[in-house]
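A.B. asks: Structure provided below as structure tokens; questions to follow.
Coordinate-derived values only; no laboratory data. Just so it is clear, the structure is predicted and the values come from calculations on it, not from any experiment. Here the Cβ positions follow ideal geometry from the backbone for every residue, glycine too, while neighbour counts run over all protein chains shown.
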Amino acid sequence: MVGGIVSLVFDWSALRALTEGAGTGGTLRQEPGDFRVDEVPLYEPSGDGEHLYLQFEKTGHTTAHVLRELGAQVGVRDREVGVAGLKDRHAVTTQWISLPQRYEARVQHFALGGVRVLQLTRHPNKLGMGHLRANRFSVRVRDAAGHAAQAGQTLEELARAGVPNYFGPQRFGLGGLNAEEGLRVVRGESRVRDPRVRRFLTTALQSVVFNGFVNLRLERGVFTGLLAGDMAKKHDTGGVFLVEDAEQESPRAGRGEVSATGTLFGKKVKPLTLDAGALEQQALSALGLSADLFSSRKGDRRLTRVFPEQVSVTPEDDGFTVSFTLPRGSFATSVLREIMKTDVDAASPLLTDDEAGSLDAGDLEAAE
């Protein structure tokens, strides 16, 4: 409990799954290669330009750690480096970064155990956060022999209906406590001083409210439909519109053409209204929170569901390998939890306030 309100600690059991029945069970991440993430770039480097584009594969490092080592060896400054997303250490991951072309000769000598440079090319512009279309996941699930067909059926259902776009436990990590610390940040009570970490902890607080909103939509049976007052997003163009007549618009949602969005509260985004607004307010009130707590954040809108693409399941002697692609910002753990029906990746070590103050956002960022 924090200040007498409902606990903000992340807990999979408090979030409803879309699919029903028992899962496959199984074990993840017994070996680093059991969890692979490959970036799908928003655009391909042109081969010409003033920015050097470097694609690397890493194992056992966060993106932030690789960039610190790159800075130490090459001399490139933090603000000169472009990155589209951050990747976890507990996986084999590939991603692109950019840096000014004048560092090309020094980059040739960059060496770090567990890191392999795959490509080196050029492009006119610096790579920016979010210059990423999707992530491709390939995940080995062990201790689940004989369940490949079941996993395939669940994955096909998710590809048709969409997967709840929950923020996974990596966002709340560190024992699931990031949102509680985020509440202390917005109340001015936190001992964490690093502004990047403070921002990330506040995003965890935004995220727990969003998860509650998605959970309520599942409970009310409106996950694949729409409510009056929803701000719906078109999956083909990205356009967002106000739903005034839910009965008229819901068939489009049923066909997967549009989906509801939830509010990541902040000063630049308006809360939902009408029926959707009432549900959103319920998600806030259940946690003892109010929208004005998030005035330090810009805010945003996030889809309540996403559709896994290029789905496949391969049987293995001790289980199966599941592969799928998700839009940037979505969590593979939300898909895996639907398949396995376990607390996927929920266990994380605790972190003291003093330790949190020594970390940067890269150490706290999500794997996906």
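A.B. asks: Taking 0.36 nm per intervening residue step and subtracting the Cα-Cα distance, what contour gain separates R160 from S296 on full extension?
C.D. replies: Computed gain between R160 and S296 is 45.2 nm.
A.B. asks: Consider the candidate values [x] 1.45; [y] 1.00; [z] 0.94; state which one is Cα Rg over 2.2 N^0.38 Å computed from the structure displayed.
C.D. replies: [y]
A.B. asks: Going down the table (K233/K270; K58/K87; K234/K298), which pairs top 20 Å between alpha carbons?
C.D. replies: K234/K298
A.B. asks: Please determine, in degrees from 0 to 90 and to the nearest 10, the orientation of helix 63-74 with respect to the longest principal axis defined by the Cα atoms of the chain, where the helix direction is its Cα long axis.
C.D. replies: 20
A.B. asks: Also: Summing -39500 (n - 2.57) over the DSSP H runs of n ≥ 4 in the chain and dividing by its residue number, what mean residue ellipticity at 222 nm do you reach, to the nearest 500 deg cm²/dmol? Can you show the working numbers first?
C.D. replies: Values: 11 runs with 108 residues, N = 368.
One gets -8500 deg cm²/dmol as the mean residue ellipticity at 222 nm.
A.B. asks: Round to the nearest 0.05 the FRET efficiency obtained for R187 and E57 when R0 = 35 Å and r is the Cβ-Cβ distance.
C.D. replies: That gives a FRET efficiency of 0.25.
A.B. asks: Pick from F213, F35, F241 the residue whose mean-square fluctuation is largest in a GNM of the chain, springs joining Cα atoms under 10 Å.
C.D. replies: F241
A.B. asks: Summing Lys, Arg as +1 and Asp, Glu as -1, what charge do residues with Cβ under 10 Å from the Cβ of K234 carry, K234 excluded? Don't skip to the end; give the middle numbers.
C.D. replies: On the way: positive: K233, R252; negative: D236, E257.
Local charge sum for K234: 0.
A.B. asks: In whole angstrom, how far apart do the alpha carbon centroids of region 218-284 and region 289-303 sit?
C.D. replies: 16
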